[in-house]
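First the structure, in the form of structure tokens, and then the observations on it.
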Amino acid sequence: MDEQEVVSGENKALRSLNSDVQTHVNFINRSTRSARAWWLDFSGHPVSYGDIRPSGLLHMDTFLTHPWVFRASRNGAKLVADQQDVYMPAAATEYEEDGSPKFLNVVLTAPVYSLQELCLMLIRKLVEEEDYGRLDIPESLKTDLRQRPDLLKELGLINRLRIGVLI
């Protein structure tokens, strides 16, 4: 069985499992927006590790079973780490001359958003929420506008997919 999974279906929630094997990563933000780093604790709750400016990096000592997710600081839009929605750290494979492990570089980027997602982000940026009702667009799009990105809901969906529960 994979180290990141637990035997019971109820315990397959995405969360940190232990702090046995340390590793070191550089989260490098290659997106055009500030990225907020979220570590998922031992209960699966997201814990913010602050923002990484565009072209900036966050040096992090972490552990192999500690999942990380990233969102745009301003609007909560999903970002990916090494093309993954959830980043699970890898073990160090290279070492400095003094024997200490080299930091692994993990690149943060924006995923390929759908045209609808891009339009919703732009409208949210340009139009105040109280004015959505005045827009001459279908009601279904107004509903979508009001449903801002929600990290907890997204993690719930990821967890349901991990245990095989389809919505």
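Before moving on, here are some points about what is shown:
- Largest first, the residues Asp136, Asp51, Asp20 sort by 1.4 Å accessible area into Asp136, Asp20, Asp51.
- Förster radius 22 Å - calculated FRET efficiency between His45 and Gln116, Cβ distance, rounded to 0.05: 0.15
- The label point for Ile163 and the one for Asp61, both projected 7 Å from the Cα toward the Cβ, are 3.4 nm apart.
- Full extension of the chain segment joining Arg148 with Tyr95 gains 14.8 nm, where the gain is 0.36 nm per residue of separation less the Cα-Cα distance.
- Fraction of antiparallel bridges per DSSP, the chain only, in percent to nearest 5: 85 percent
- Among the GluC sites (Glu not before Pro) within segment 74-149, those in coil by DSSP and having at most 10 neighbouring Cβ atoms inside 10 Å are Glu94, Glu96, Glu97, Glu128.
- Taking all protein chains together, Ile137, Ile28, Ile163 sort by accessible area into Ile163, Ile137, Ile28, largest first [probe 1.4 Å].
- Global geometry of segment 1-131, whether rounded, prolate or oblate, following the gyration tensor of its Cα atoms and the 1.5 cut on a/c: oblate
- Carbon-plus-sulfur accessible fraction, the chain (probe radius 1.4 Å, protein heavy atoms only): 51%.
- Residues Arg53 and Asn18, FRET efficiency given R0 of 30 Å [Cβ-Cβ distance, rounded to 0.05]: 0.40
- FRET efficiency, Glu130 to Lys78 (Cβ-Cβ, R0 30 Å, nearest 0.05): 0.70
- Expected-Rg normalisation [2.2 N^0.38 Å, Cα atoms] applied to segment 53-95: 1.30
- Between 0 and 90°, nearest 10: helix 115-126 axis offset from the chain longest Cα axis: 70 degrees
- Rounded to the nearest 10 Å², the accessible area of His24 at probe 1.4 Å: 30 Å²
The values are calculated or read from the model by the stated rules, or taken from the named source; none is laboratory data. Source: prediction; values computed, not measured. Every residue, glycine as well, gets a Cβ built from its backbone with ideal geometry; the counts of neighbours run over all protein chains shown. Each accessible area value is taken on the protein alone, full model and side chains, heavy atoms only, with ligands, DNA and RNA left out. Shrake-Rupley method; radii C 1.70, N 1.55, O 1.52, S 1.80 Å.
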